[in-house]
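The values are calculated or read from the model by the stated rules, or taken from the named source; none is laboratory data. Small disclaimer: the values here were computed from a predicted structure and weren't measured. Note: ideal-geometry Cβ built from the backbone for every residue, glycine included; neighbour counts use all protein chains shown. Side chains are part of the model used for accessible areas, which takes the heavy atoms of the whole protein and leaves out ligands, DNA and RNA. Shrake-Rupley method; radii C 1.70, N 1.55, O 1.52, S 1.80 Å.
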Amino acid sequence: MAESYPDISPLKAGLACACPRCGRGRVFDGFLSVVDHCPHCGLALRENDSGDGPAIFLIFILGFSGVPLAFWIDSAFDVPAWMPGLVAGIFVIALALLLLRPAKACVLALQYRHRRDDFETGG
Ligand SMILES: [Zn+2]
């Protein structure tokens, strides 16, 4: 029995941390552990886990935005020398915690969109 599923944008599925095939099931079981199968449609998710790839993207994006932020704070405000590093560090850590789950779900959804055979053959 072949079910048809709506075409879901990888960005939309990623931001909702939802299954890339049905858009209803959740992708995560804990903070970053991917469920074995989608609880709604049964798509094998864990065996196609993107691993640390999304973290590498975030390291580059947040690293390249956090350092200029520290320099800007240091030059624009009359603050102690440790203050720019503290503010930029908090900024980077907060955004990393906020963006890691959606980034991981987005990469999983992109894998589903562009390498669907890996999901349907059982990985
Ligand atoms: Zn699903």
From L15, L32, residue being assigned to a helix (DSSP H, G or I), in contact (Cβ under 8 Å) with a residue 12 or more places away in the chain and either more than 12 Å from the ligand (Cβ to nearest atom) or touching a Cys at 6+ places or on another chain (Cβ under 9 Å) (or both):
L15
(1) open to solvent by 30 Å² or more (accessible area, probe 1.4 Å); (2) within 16 Å of the ligand (Cβ to nearest atom); (3) touching a residue at least 40 places away in the same chain (Cβ under 8 Å) all hold for R46 apart from (3)
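In the list P54, P68, P39, which residue meets the criterion of being open to solvent by less than 40 Å² (accessible area, probe 1.4 Å) and of a type outside the set (G, A, S)? Explain how you work it out, then say what you get.
Values: P68 fails: open to solvent by less than 40 Å² (accessible area, probe 1.4 Å); P39 fails: open to solvent by less than 40 Å² (accessible area, probe 1.4 Å).
The match here is P54.
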Tell me which of these H37 doesn't satisfy, since it passes every other one: (1) within 18 Å of A103 (Cα to Cα); (2) out of contact with any Phe, Trp or Tyr (no Cβ under 8 Å at 6 or more places or on another chain); (3) within 12 Å of the ligand (Cβ to nearest atom).
(1)
Does at least one position in segment 93-116 carry a residue that is more than 21 Å from C17 (Cα to Cα), at pLDDT below 95 and either among the β-branched types (V, I, T) or touching a Pro at 6+ places or on another chain (Cβ under 9 Å) (or both)?
no
